[in-house]
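*Asks:* Below you will find the structure I want to go over with you.
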Amino acid sequence: MTQDAHGRLFYNVNNSQLLGDLTPPNYMSRHRTYPSTAGLNLFVAADQSVHTLRMNTAVNRGYLPEVLDDRGHLHVFASSCSPLIYRGDHFPTGLSGNAFVCDPAANLVKRNILHTGPLHLSAEPAHPDREFLASTDERFRPVALTHGPDGALWLLDMYRGIAQYGMFMTDYLRKETLRRGLDQGIHQGRLYRIGHESGGRRTPTQMSRRPPTEWVQLLDHNDGWLRQTAQRLLIQQGDQKMLDALLRFMERATTSVGLEHALWTIEGLLMSVEPASLEASPSGPIPIVSSVHALGSRPFSQRVWKACLGAMEHPDPMVQTAAIRVCESLARSSQSRAEDMMKQFREIAWHASEDVLFQIILTLGNLPAPGNRALMAELALEASKHWLLREALISGLEGFEWDFISQLNESKDLPSSSKGLQHLLHSLAEATASQSDGVDLGHLIKYLVDRSTSWNDADAALLDGLDRYFRAHSRGPRLLTQSPFPAKKDDLPWNPALQSIHHRLSPWISWPGHPHYATALEKAAKTRNERMEDASMASHAEAYQMVCAGCHGSRGEGLKNQAPPLHQADWVLGSKDRLIRIALHGAQGPIHVGGQLYQSPDILSEMPPLSVLENEVLASILTYIRQAWGHASDPIDSNEVSRVRAVTAGRQTPWTEKELLSIP
């Protein structure tokens with residue numbers, strides 16, 4: 001993982017060389033029942049091609065036809081790793097901000113030119129027909145890139161014949177490795193300094209020998225290593241007397257990135273861990289920070305607050321964004337500061353760039369309610385114009401979706417014909433339905449029933465949102481506290497909108513007095529009791545999180561560039577024999593899940609086999625995914641795994657969709 005000069009995160013997976021986030025992920029995931037990945041895990045580099053200088057047959061899936069070309073060369077990334085956004089000052093300015101990516105399987109390092117814009121990240125290869133660095137030596141295994149204190153690029157070469165996690169090594173690669181002796185000759189790694197012929201050599205700065213006042217001045221340096229190291233040392237030293245020096249620096253900083261570092265340093269100096277998040281240990285308290293709520297701020301002057309607040313008016317959107325996030329941290333326990341922020345937002349939001357508006361909406365979701373929701377409603381129409389802004393708005397409304405819908409409906413300035421507004425209402429209805437408490441859901445359905453005589457496009461969007469959520473997620477009637485309409489359809493006055501509401505929603509809801517309410521209540525209680533009584537679910541969940549969540553997500557939602565969803569997937573809930581085979585030997589795409597086609601590069605080309613896991617562990621994981629997230633399929637025991645393992649003992653390749661569908 002790496003970051004650019006503005007702190008945005010970039011990372012990769014084997015077959016996708018550069019992914020990135022427009023915002024810290026804790027914002028979009030804060031809505032526990034309606035988490036979003038909007039603005040996260042973006043395909044920054046769409047081009048996955050590589051240009052190797054030698055044959056690359058010693059790769060894990062070299063036997064698959066799409067992995068190697070006719071010459072035996074890799075033609076796409078197979079094991080991309082250690083991306084680095086170059087922020088040094090040794091190379092010519094044209095390379096600053098470029099993204100460098102290693103692929104040890106292909107014996108090369110690629111250079112990409114990064115493009116940024118409002119709510120946009122993309123990259124393209126710097127050289128369309130060659131690489132920044134490539135080798136004919138098969139043992140050249142570049143595995144890590146970093147900035148050096150001299151401004152140059154430093155590369156770690158593992159230098160060995162084989163670099164593969166043993167748990168996932170295929171029989172093909174094992175045989176290829178032994179046949180050619182690639183397992184021999186280890187402990188020969190080396191470190192390279194990559195420089196430019198015009199750059200010369202800069203003597204590294206002895207940072208620890210410099211006074212803290214000079215660290216402050218280095219926040220504006222051209223070299224990112226010096227800026228970041230100066231920031232780190234100032235925060236680690238923890239001397240709040242340096243706040244005055246930082247404020248003076250902000251008044252005369254010559255670069256936007258210097259201002260960003262000053263803001264981040266102020267935040268770091270003032271942040272503290274709440275006492276409840278400190279865990280005792282023999283060596284002293286250890287901070288356990290699992291969310292922003294574990295953080296507080298130390299006392300600071302009004303001068304500091306005004307400087308950070310004033311930075312929101314800077315002409316550079318990246319400085320504004322940094323200032324908003326820092327002020328959010330400093331205002332976490334102060335109502336008056338939160339009010340200062342919302343007042344400032346009203347001044348800048350209407351002429352802000354999309355990047356800044358995105359951050360304003362994200363931050364509003366963390367400011368105290370109900371004051372924040374009034375401004376969120378004011379910004380709703382503007383936010384509805386871009387899907388990222390819509391998702392940002394909803395992420396901060398957990399538990400208040402129906403209240404917000406009501407607030408929007410009371411506004412006379414929101415045109416129901418606006419497509420963006422319809423998309424926003426559609427998603428708000430889904431988020432309302434995601435709440436376990438049926439009270440707000442009942443309010444929303446009753447609202448639609450009352451609106452049926454004056455139906456418009458906004459009402460239709462709300463109904464579509466509820467219908468979509470129920471079809472995708474419901475595994476039984478949702479319990480309401482009262483009837484939104486008479487239970488018998490014949491009792492309803494003939495009204496096309498009302499009949500549509502009843503037809504689309506009645507299969508998914510029940511309430512006291514409904515003919516099937518007792519059955520629905522009994523089923524809900526049984527499911528709840530089964531979850532509470534099953535003490536083994538915790539161990540099942542732990543095994544799943546360790547082995548599978550990295551690709552399929554902690555809630556089985558699937559992760560872009562990694563793997564399709566498990567939630568509501570027929571492959572999970574259906575045939576045990578198919579599911580066990582997938583776990584033992586893996587599966588390769590393309591594959592349909594929930595009616596949608598998944599294939600590379602949207603996901604990894606294949607799921608690796610888990611046959612090295614013991615039968616009990618596999619059974620635990622498979623039972624968990626069949627019974628978690630509202631699923632209610634039968635468990636799988638270790639004997640069933642053992643039986644399928646014996647039947648398929650000779651299998652060496654992952655299953656295709658066609659093969660799996662032939663298994664009952």
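*Asks:* With the convex hull built on the Cα atoms of region 219-290, state its orientation-averaged projected area in nm².
*Replies:* Numbers: hull surface 23.9 nm².
Average of the hull's projected areas for region 219-290 equals 6.0 nm².
*Asks:* Shifting gears a bit: Pop a pseudo-label 7 angstrom from the Cα along the beta-carbon direction at both Arg209 and Arg471 and give the gap in nm to one decimal.
*Replies:* 7.1 nm
*Asks:* Here is a further query. Out of the trypsin sites (Lys or Arg not before Pro) in region 1-59, which ones are loop residues according to DSSP with at most 16 other C-beta atoms within 10 Å?
*Replies:* Working: sites: Arg8, Arg30, Arg32, Arg54; in loops: Arg8, Arg30, Arg32, Arg54.
In loop regions of region 1-59 (DSSP not H, G, I, E or B), the sparsely surrounded trypsin sites (Lys or Arg not before Pro) are Arg32.
*Asks:* Per 5 Å bin, what percent of the C-alpha pairs of region 518-664 does each bin hold, from zero upward?
*Replies:* 2, 9, 19, 23, 21, 13, 7, 4, 1, 0, 0
*Asks:* Next question, about the same structure. Work from the charge dipole of the chain (Cβ charges, +1 for Lys and Arg, -1 for Asp and Glu, about the Cα centre) and give the residue of Met546, His73, Thr136 farthest towards its positive end.
*Replies:* The Cα lying farthest towards the positive end belongs to Thr136.
*Asks:* For a quick check of your reading of the filter: which chymotrypsin sites (Phe, Trp or Tyr not before Pro) in region 158-204 sit in a DSSP loop and have no more than 10 other Cβ atoms within 10 Å? It would help to have the intermediate numbers written out before the result.
*Replies:* Values: sites: Tyr159, Tyr165, Phe168, Tyr172, Tyr192; in loops: Tyr159, Tyr165.
Those satisfying the criteria are Tyr165.
*Asks:* Given charges of +1 on the Cβ of Lys and Arg and -1 on the Cβ of Asp and Glu, with all other atoms neutral, how large is the dipole of the chain about its Cα centre, in debye to the nearest 20?
*Replies:* Values: 64 positive and 72 negative charges, 201 e Å.
It works out to roughly 960 debye.
*Asks:* Still on this structure, I have one more. With the Cα gyration tensor of region 380-489 in hand, convert its eigenvalues to equivalent ellipsoid semi-axes via √(5λ) and list them largest first in whole Å. Each step should come with its number before you reach the end.
*Replies:* Details: eigenvalues 100, 55, 29 Å².
Ellipsoid semi-axes (Å, largest first): 22, 17, 12.
*Asks:* Here's something else I'd like to know. Can you tell me the FRET efficiency between Ser575 and Ser406 if r is taken as the Cβ-Cβ distance and R0 is 45 Å, rounded to the nearest 0.05? Don't jump to the answer; show the numbers that get you there.
*Replies:* Numbers: r = 45 Å, r/R0 = 1.01.
Calculated transfer efficiency: 0.50.
*Asks:* Enumerate the residues in region 622-638 having an amide nitrogen under 19 Å from the point lying 7 Å beyond the Cα of Ser539 toward its Cβ.
*Replies:* Those under the cut-off are 622-628, 635-638.
*Asks:* Would you please classify the overall shape of region 78-224 from the alpha carbon gyration tensor, given that a ≥ b ≥ c denote the square roots of the eigenvalues, rounded means a/c under 1.5, and beyond that prolate means a/b larger than b/c while oblate covers the rest? Walk me through the numbers on the way to the answer.
*Replies:* Working: a/c = 2.40, a/b = 1.71, b/c = 1.40.
Prolate shape, in that a/c is at least 1.5 and a/b is the bigger ratio.
*Asks:* State the Kirkwood hydrodynamic radius of region 301-370 in Å, one decimal place, computed from all pairs of distinct Cα atoms. Don't skip to the answer; put the middle values down first.
*Replies:* Values: mean 1/r = 0.0846 Å⁻¹.
With all distinct Cα pairs of region 301-370 included, I get 11.8 Å.
*Asks:* Further question: Which FRET efficiency, nearest 0.05, do Ala632 and Thr656 yield, Cβ-Cβ r, R0 35 Å? List each step's numbers first, then the result.
*Replies:* Numbers: r = 29 Å, r/R0 = 0.82.
Plugging the Cβ-Cβ distance into 1/(1 + (r/R0)^6) gives 0.75.
*Asks:* Let a ≥ b ≥ c be the square roots of the eigenvalues of the Cα gyration tensor of region 170-316; is it rounded (a/c under 1.5), or, if not, prolate (a/b larger than b/c) or oblate?
*Replies:* On the way: a/c = 2.53, a/b = 1.53, b/c = 1.66.
Cα axes put region 170-316 in the oblate bin.
*Asks:* If you scale each eigenvalue of the Cα gyration tensor by 5 and take the root, what three semi-axes come out for region 145-228, rounded to whole angstrom and sorted largest first? Walk me through the numbers before you get to the answer.
*Replies:* Details: eigenvalues 348, 42, 23 Å².
Ellipsoid semi-axes (Å, largest first): 42, 14, 11.
*Asks:* Using only Cα positions of region 73-122, each an equal point scatterer, no hydration layer, compute I(q)/I(0) via Debye at q = 0.24 Å⁻¹ and quote the log10 values to two decimals.
*Replies:* With one equal scatterer per Cα and no solvent, log10 I(q)/I(0) is -0.92.
*Asks:* Still on this model: Can you give the Kirkwood hydrodynamic radius of region 411-460 from its Cα pairs, in Å with one decimal? Don't jump to the answer; show the numbers that get you there.
*Replies:* Numbers: mean 1/r = 0.0855 Å⁻¹.
Result for region 411-460 stands at 11.7 Å.
*Asks:* Which value results when the Cα radius of gyration for region 585-662 is divided by 2.2 N^0.38 Å? Walk me through the intermediate numbers first.
*Replies:* Working: Rg = 13.7 Å, N = 78, 2.2 N^0.38 = 11.5 Å.
Rounded to two decimals, the normalised Rg is 1.19.
*Asks:* Using the Cβ atoms and a cut-off under 14 Å, what net charge is assigned to the surroundings of Val304, where Lys and Arg are +1 and Asp and Glu are -1? Let's see the in-between values first.
*Replies:* Working: positive: Lys241, Arg248, Arg298, Arg303, Lys306, Arg337; negative: Asp244, Glu251, Glu267, Asp340.
Summing Lys and Arg as +1 and Asp and Glu as -1 gives +2.
*Asks:* Quote to one decimal, in nm, the extra length available between Glu382 and His115 on full extension: 0.36 nm per residue of separation minus the C-alpha distance between them. Walk me through the numbers on the way to the answer.
*Replies:* Numbers: separation 267, 0.36 × 267 = 96.12 nm, distance 2.52 nm.
Residue separation times 0.36 nm, minus the Cα-Cα distance, leaves 93.6 nm.
*Asks:* For n ≥ 4 DSSP H runs only, could you compute -39500 (n - 2.57) per run for the chain, divide by its residues and tell me the 222 nm figure to the nearest 500? Please report the intermediate quantities before stating the final value.
*Replies:* Details: 26 runs with 270 residues, N = 664.
Using -39500 (n - 2.57) per qualifying helix, the result is -12000 deg cm²/dmol.
*Asks:* At 7 Å along the Cα-to-beta-carbon direction for both Gln184 and Ser29, put a label point, then send me their distance in nm to one decimal.
*Replies:* 4.6 nm
*Asks:* Give, in nm to one decimal, the length gained when the segment between Ser333 and Ser272 is fully stretched (0.36 nm per residue of separation minus the Cα-Cα distance).
*Replies:* Details: separation 61, 0.36 × 61 = 21.96 nm, distance 1.19 nm.
Full-extension gain reported as 20.8 nm.
*Asks:* So, in nm, how far is label Thr146 from label Val612 when the simple model puts each one 7 Å beyond its Cα toward the Cβ?
*Replies:* 2.6 nm
*Asks:* Report the calculated FRET efficiency for Lys343 and Ser417 (r = Cβ-Cβ distance, R0 = 25 Å), to the nearest 0.05.
*Replies:* Working: r = 32 Å, r/R0 = 1.29.
Computed FRET efficiency for Lys343 and Ser417 comes out at 0.20.
*Asks:* Ok, one more. With the Cα gyration tensor of region 17-137 giving a ≥ b ≥ c as the square roots of its eigenvalues, does the rule (a/c under 1.5 for rounded; else a/b larger than b/c for prolate; else oblate) give rounded, prolate or oblate? Don't jump to the answer; show the numbers that get you there.
*Replies:* Details: a/c = 2.67, a/b = 1.43, b/c = 1.87.
Since a/c reaches 1.5 but b/c is at least a/b, the shape of region 17-137 is classed as oblate.
*Asks:* Also, quick follow-up: Run the Debye formula on the Cα coordinates of region 1-69, all scatterers equal and no solvent, and tell me log10 I(q)/I(0) at q = 0.20 1/Å.
*Replies:* Here log10 of I(q) over I(0) equals -0.88.
*Asks:* For region 55-170, what is the charge dipole size about the Cα centre, in debye to the nearest 20, if Lys and Arg each add +1 at the Cβ and Asp and Glu each add -1 at the Cβ? Don't skip to the answer; put the middle values down first.
*Replies:* Numbers: 9 positive and 12 negative charges, 43 e Å.
For this selection, approximately 200 debye.
*Asks:* Of the listed values [x] 29.3; [y] 34.6; [z] 30.9, grab the one calculated as mean projected area of the Cα convex hull in nm² from the structure here.
*Replies:* The value computed from this structure is option [y].
*Asks:* Then there is this: Any chance you could run the full-extension gain for Lys446 through Arg232? It's 0.36 nm times the residue separation minus the Cα-Cα distance, nm to one decimal.
*Replies:* Numbers: separation 214, 0.36 × 214 = 77.04 nm, distance 5.50 nm.
Gain on extension, Lys446 to Arg232, equals 71.5 nm.
*Asks:* Return the carbon/sulfur percentage of the accessible area of the chain, one whole number, probe 1.4 Å, all protein chains in place.
*Replies:* 53 percent
*Asks:* GluC sites (Glu not before Pro), restricted to region 371-456: which are DSSP loop and have at most 14 other Cβ atoms within 10 Å?
*Replies:* Values: sites: Glu378, Glu382, Glu391, Glu398, Glu401, Glu410, Glu430; in loops: Glu398.
Sites meeting the loop and neighbour criteria: none at all.
*Asks:* Another question, if that's okay. Considering all alpha-carbon pairs of region 202-251, what whole percent are spaced by more than 12 angstrom? Before the final figure, lay out each step's value.
*Replies:* Details: 751 of 1225 pairs.
Of the Cα pairs, 61 percent sit more than 12 Å apart.
*Asks:* Here's a follow-up. With the other protein chains left in place, how much accessible area per residue, in square angstrom, belongs to the chain at a 1.4 angstrom probe?
*Replies:* Values: 30630 Å² over 664 residues.
Value for the chain: 46 Å² per residue.
The values are calculated or read from the model by the stated rules, or taken from the named source; none is laboratory data. Here the structure is a predicted model, which means the values were calculated and not measured. In this analysis, Cβ positions are derived from the backbone assuming ideal geometry, glycine residues included, and neighbour counts consider all displayed protein chains. The area values use the complete protein model at the heavy-atom level, side chains included, leaving out ligands, DNA and RNA. Shrake-Rupley method; radii C 1.70, N 1.55, O 1.52, S 1.80 Å.
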